[in-house]
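Here's the structure, in structure tokens; my notes come after.
The values are calculated or read from the model by the stated rules, or taken from the named source; none is laboratory data. Since the structure is predicted, the reported quantities are computational estimates derived from the model, not experimental observations. Cβ placement follows ideal geometry from the backbone for every residue including glycine, while neighbour counts extend to all protein chains displayed.
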Amino acid sequence: MLLLLISVLTGCKDINTPYIKTDNVRDFGDGENCEFETVFVLKDFQAPEYSFLYKNDNRILGPPAVMHCASKGEPLPFSSRPLYSMTMLNLSLCFTGFRKKDEVVTLVNLVHHMGGTIRKDFDSTKVTHLIARSTHGEKYRLAVCMGTPILTPEWIHKAWEHRDDINFHAGNEEFRTEFKVPPFQDCVLSFLGFSEEERTNMEERTQKHGGRFQAVGDERCTHLVVEENSIKELPFTPSKRLYVVKQEWFWGSIQMDARAGETMYSYEKSPAMKKAVSLLSLTTPNSGRKRRRLRETLAQLTKETEISPFPPRKRPSSEHSLSMGSLLDISNTPDTCKLPKSSTPALPKQSARWQVSKELYQTESNYVDILATVLQLFKYPLDKEGQVGGPILAPEEIKTIFGSIPDIYEVHTRIKVDLEELVMNWSEERSVGDIILKYSRELVKAYPPFVNFFEMSKETIVRCERQKPRFHAFLKINQAKPECGRQTLVELLIRPVQRLPSVALLLNDIKKHTSDDNPDKVTLEKAIESLKEVMTHINEDKRKTEGQKQIFDVVYEVDGCPANLLSSHRSLVHRVETIAQGQEMQHVLCLVLFLFNDCLEIARKRHKVITTFRSPLGQTRPPAQLKHIALMPLSQIRRVLDIQDTEECQNAFALVVHPPTEQENLLFSFQLTAEDTLKSAWLKTLCRQVANTIYADVFIFITDPDSVQVSTKDMDSTLSRASRAIKKTSKKVTRAFSFTKTPKRVLQRAFLANGTPDDKSPGPDVDHMGRLSSSSTLAVSLHTHITYCCVLKMCVSMCSFKGSSLLVLRKKY
């Protein structure tokens with residue numbers, strides 16, 4: 001073993017000083033030399049030399065500690081304890097839940113060797129990490145409240161394994177994540193009152209978060225989780241060591257990724273019944289005051305709620321807890337109501353016009369309460385900073401889910417206030433339509449951003465709930481609250497999609513009960529028309545948004561797709577799968593044609609060999625299955641040829657194209673492969689888009705296969721041959737994808753086949769003939785590109801197997 005002895009003058013701050021190598025530590029470790037401060041650099045802290053030096057109170061460092069100071073230009077640390085590395089520098093740890101003293105001593109020594117400190121009591125301002133064997137105790141509760149990371153002892157042992165890496169630090173969040181203490185680490189749970197599906201889900205999540213589960217009544221259980229809405233009485237008397245908690249405790253623990261306190265979630269009888277029982281037990285025949293109190297309490301508990309057209313006022317203590325219950329169901333709105341004494345006489349308010357106006361207000365009030373619940377129970381808590389366990393969702397996910405809900409809530413809150421004032425101070429001449437017209441512009445601004453992306457919002461909720469357990473628990477907790485009426489977030493978010501059509505129907509009802517001489521008759525018609533314009537605008541905007549989304553999907557699906565494909569005026573019309581045809585059957589290429597309103601994107605299907613490439617940063621989407629070949633403007637298409645079906649040719653068509661960079665016309669021939677694609681319908685759609693692009697009529701020309709030398713016979717065997725060929729050597733690949741040029745006479749016949757209906761002369765135009773020279777087919781250029789890619793792929797593979805070749809490449813780069 002090599003020992004490095006560094007002699008450092010007292011007070012010297014420069015570590016670049018002479019050192020001595022020795023194999024006998026006892027010559028220097030007796031502490032008699034007082035002229036120098038001696039620091040021992042020792043590689044093995046388990047060796048006998050370490051014990052000797054430690055007993056003699058010598059300063060001991062490990063090589064990583066010296067290298068760390070040298071890299072930082074800092075003096076050697078003065079530590080009374082042996083210091084091997086700086087792996088836990090500036091970390092302060094506290095321990096809880098340990099029963100074996102020897103285990104704690106070992107962990108404390110490792111922490112000290114890595115530069116960390118230990119604190120006996122939990123001080124939130126100084127302790128950075130809590131090391132826990134149990135989820136019980138005051139230290140654990142304080143750490144949860146303060147957001148202090150709670151880790152298992154394995155974190156310390158794993159950090160010690162990295163002690164020789166001077167660039168490693170144990171406080172790294174990515175490293176410590178896998179050592180978090182799960183919320184149910186030492187818990188045994190049982191579930192009462194849940195459906196079979198819910199119980200299975202909760203049992204699976206119990207195991208996933210470090211706990212175990214047993215049947216109800218098992219003596220090993222530490223917690224009984226009760227579905228408080230379905231269970232009124234427990235089937236047995238629980239022992240003192242068994243926690244009986246509501247399901248909110250279970251989901252709350254998962255949400256904050258730590259065991260929640262059981263006291264807050266204890267299962268009890270309803271507060272009203274509990275109060276009544278306690279009062280009955282206190283009442284005596286001789287106590288008149290208590291009897292009066294009992295009668296008043298029981299009367300209050302059994303009092304029937306008066307039906308009112310307005311929702312009840314919120315209690316001051318529950319300002320932010322909206323109680324919705326039946327408000328979520330418009331059908332529960334009463335047909336009759338008792339009016340406040342301060343309102344106008346009841347007789348005119350009983351008119352049919354007022355009744356429908358009252359219903360409009362009630363549904364608007366309910367709708368505003370629903371939006372407030374969505375914001376207060378879901379959006380605002382997710383946006384809140386300093387969440388226990390960290391953010392539940394990323395900001396972009398929150399924005400995708402809730403979109404413009406705050407804007408919708410704001411405009412409808414103002415509508416509700418105006419409707420309330422109208423109903424409270426009702427007269428038949430008051431205008432309902434003016435209120436809707438007043439906010440029509442704001443409705444146009446607020447609704448499209450949400451309605452257009454509602455499907456994306458719903459997909460985001462489903463994906464996050466599946467992938468993020470804390471978000472799933474967050475939704476479960478809120479769904480069980482009375483404010484939600486046991487409805488899911490998706491069910492609540494669909495209300496804005498349904499609201500405007502509902503308002504339009506109610507306005508129509510008000511119009512029916514409005515006399516012709518009432519000024520509001522015309523105003524209601526304008527209001528209804530404005531709502532229709534808003535909904536039309538939403539539908540049109542939604543159609544454009546979906547079209548743009550389809551273009552984005554194409555860009556993600558096609559590797560190398562040109563950026564200029566993304567355009568606000570462009571929309572996807574149709575997609576077909578084809579096989580490119582050539583003069584010889586050995587050159588087969590599977591293509592996908594994306595028809596847009598002004599261009600045609602041509603992409604080839606990738607082979608499995610090509611899809612083995614992976615991005616080092618990972619894939620947020622599946623690997624692109626298509627490779628971009630060409631983006632063809634529809635204005636370049638001169639002819640659309642419908643190739644007649646024969647025994648040797650099925651579902652084939654061709655395009656005569658004149659690219660601006662070419663002097664001649666090119667013939668591209670294809671065969672449709674999808675069974676659900678009708679060739680005649682596809683060609684008509686294609687011609688319609690070409691005609692819209694060039695502002696001229698475009699006709700489908702029918703021709704026979706021989707005139708363009710196209711055949712689809714034995715296509716399956718040809719495809720299999722090509723597929724086998726691509727897996728062989730570059731020589732065979734080149735041979736499999738080599739093509740001849742299309743004969744000049746074939747292109748001439750294709751271009752001149754079946755002239756337009758107005759053509760009387762069968763002869764070709766002289767100017768056209770000058771441009772009809774021989775040209776390569778689309779397959780030539782496409783398969784030349786394929787051949788190049790395959791050869792390049794093989795070159796890369798050769799480099800990966802030959803070390804010298806790879807070394808040369810590295811040197812070159």
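Please pick out the residue among SER431, SER457 that is buried (at least 16 other Cβ atoms within 10 Å of the Cβ) and outside any helix (DSSP H, G or I). It would help to see each step written out before you state the result.
Details: SER457 fails: outside any helix (DSSP H, G or I).
So the residue among SER431, SER457 that is buried (at least 16 other Cβ atoms within 10 Å of the Cβ) and outside any helix (DSSP H, G or I) is SER431.
The residue pairs whose first member lies in the range 502-515 and is within 14 Å of LYS526 (Cα to Cα), whose second member is assigned to a loop (DSSP other than H, G, I, E, B), and whose beta carbons are closer than 8 Å, counting only pairs six or more residues apart or on different chains, are LEU507/VAL432; ILE510/VAL432. In the range 687-699, the residues that are in contact (Cβ under 8 Å) with a residue 24 or more places away in the chain and over 16 Å from LEU572 (Cβ atoms) reach residues that are in a loop (DSSP other than H, G, I, E, B) and of a type in the set (Ser, Thr, Tyr) with C-beta atoms within less than 8 angstrom, at least six apart or across chains, in these pairs: PHE699/THR756.
Inspect all residues belonging to the range 523-533 and state whether any of them is modelled with pLDDT under 85, assigned by TED's automatic domain parsing to the domain that holds VAL432 and surrounded by fewer than 17 Cβ atoms within 10 Å (Cβ to Cβ). Spell out how you get there, then give the answer.
First, the residues of the range 523-533 that are modelled with pLDDT under 85: 533.
Filter once more, keeping what is assigned by TED's automatic domain parsing to the domain that holds VAL432: 533.
Next, only the ones that are surrounded by fewer than 17 Cβ atoms within 10 Å (Cβ to Cβ) stay: 533.
Yes: one or more hits.
Which residues, taken from the range 163-211, are aliphatic (A, V, I, L, M) and touching a Pro at 6+ places or on another chain (Cβ under 7 Å)? Spell out how you get there, then give the answer.
Looking only at the range 163-211, we keep the residues that are aliphatic (A, V, I, L, M), and these are 166, 170, 181, 188-189, 192, 202.
The one that is aliphatic (A, V, I, L, M) and touching a Pro at 6+ places or on another chain (Cβ under 7 Å): ILE166.
Residues that are over 13 Å from GLU268 (Cα atoms) and either among the basic types (Lys, Arg) or in contact with a strand residue (DSSP E or B) (Cβ under 9 Å, 6 or more places away or on another chain) (or both) within the range 216-229 comprise VAL216, GLY217, ASP218, ARG220, CYS221, THR222, HIS223, listed in sequence order.
So is HIS162 in contact (Cβ under 8 Å) with a residue 40 or more places away in the chain and surrounded by fewer than 19 Cβ atoms within 10 Å (Cβ to Cβ) or not? Before you say what the answer is, go through the steps one by one.
Numbers: in contact (Cβ under 8 Å) with a residue 40 or more places away in the chain: yes; surrounded by fewer than 19 Cβ atoms within 10 Å (Cβ to Cβ): yes.
Here the answer is yes, as HIS162 does meet what is asked.
Could you check the range 694-705 and list, in sequence order, the residues that are at pLDDT 80 or above, outside any helix (DSSP H, G or I) and out of contact with any strand residue (DSSP E or B) (no Cβ under 7 Å at 6 or more places or on another chain)?
Taking the range 694-705 as the starting set, the residues that turn out to be at pLDDT 80 or above are 694, 699-705.
From the residues that got through so far, the ones that are outside any helix (DSSP H, G or I) too are 699-704.
Across the range 694-705, the qualifying residues are PHE699, ASP704.
What residue, among those in the range 135-151 that are under 33 Å from the mean Cα position of the chain (by Cα) and in a loop (DSSP other than H, G, I, E, B), is surrounded by the most Cβ atoms within 10 Å (Cβ to Cβ)?
Filtering the range 135-151 down to residues under 33 Å from the mean Cα position of the chain (by Cα) leaves 135, 140-151.
Next, from what is left, pick out any that are in a loop (DSSP other than H, G, I, E, B): 135, 147-149.
Numbers: THR135: 24, GLY147: 15, THR148: 18, PRO149: 19.
Result: THR135.
Residue pairs whose Cβ atoms lie under 8 Å apart, separated by 6 or more positions or on different chains, with the first residue in the range 360-387 and surrounded by fewer than 17 Cβ atoms within 10 Å (Cβ to Cβ) and the second basic (Lys, Arg), do not occur.
In the set ALA691, ALA654, which member is among the small types (Gly, Ala, Ser) and either part of a strand (DSSP E or B) or modelled with pLDDT under 85 (or both)? Give the steps one after another, and end with the answer.
Details: ALA691 fails: either part of a strand (DSSP E or B) or modelled with pLDDT under 85 (or both).
The match here is ALA654.
Scoring LEU475 on the criteria (1) among the aliphatic types (A, V, I, L, M); (2) modelled with pLDDT under 90; (3) under 22 Å from the mean Cα position of the chain (by Cα) leaves a single failure, condition (2).
Considering each of ARG199, ARG119 in turn, give the residue that is among the basic types (Lys, Arg), in contact with a strand residue (DSSP E or B) (Cβ under 7 Å, 6 or more places away or on another chain), surrounded by fewer than 21 Cβ atoms within 10 Å (Cβ to Cβ) and over 27 Å from TRP249 (Cβ atoms). Please lay out each step first, then the result.
Numbers: ARG199 fails: over 27 Å from TRP249 (Cβ atoms).
None of the other options fit; the residue is ARG119.
Take the conditions assigned to a helix (DSSP H, G or I) and either assigned by TED's automatic domain parsing to the domain that holds TRP251 or out of contact with any Ser or Thr (no Cβ under 7 Å at 6 or more places or on another chain) (or both) and apply them to ILE392. Does it pass?
On the way: assigned to a helix (DSSP H, G or I): no; either assigned by TED's automatic domain parsing to the domain that holds TRP251 or out of contact with any Ser or Thr (no Cβ under 7 Å at 6 or more places or on another chain) (or both): yes.
In short, no.
Within the range 140-173, the residues that satisfy the criterion of being of a type in the set (D, E, K, R) and closer than 15 Å to MET88 by Cα are GLU154, LYS158, GLU161, ARG163, ASP164, ASP165, GLU173. Of all residues being assigned to a loop (DSSP other than H, G, I, E, B) and at pLDDT 85 or above in the range 45-80, which is surrounded by the most Cβ atoms within 10 Å (Cβ to Cβ)? Just the residue, please. Only one residue fits best here, namely GLY62.
Quick one: count up the residues across the range 665-691 that are farther than 22 Å from LEU589 by Cα and either surrounded by 16 or more Cβ atoms within 10 Å (Cβ to Cβ) or within 41 Å of the chain's Cα centre (by Cα) (or both).
Kept after step one, since they are farther than 22 Å from LEU589 by Cα, are these residues of the range 665-691: 680-681, 684-685, 687-691.
So of that shortlist, the ones also either surrounded by 16 or more Cβ atoms within 10 Å (Cβ to Cβ) or within 41 Å of the chain's Cα centre (by Cα) (or both) come out as 681, 684-685, 687-690.
Number of matching residues: 7.
Of the helices (runs of 4 or more DSSP H) lying entirely inside the range 152-256, the ones with 1 or more residues being at pLDDT 90 or above and either in contact with a helix residue (DSSP H, G or I) (Cβ under 7 Å, 6 or more places away or on another chain) or within 19 Å of ALA473 (Cβ to Cβ) (or both) are found at 154-161, 196-208, 247-255.
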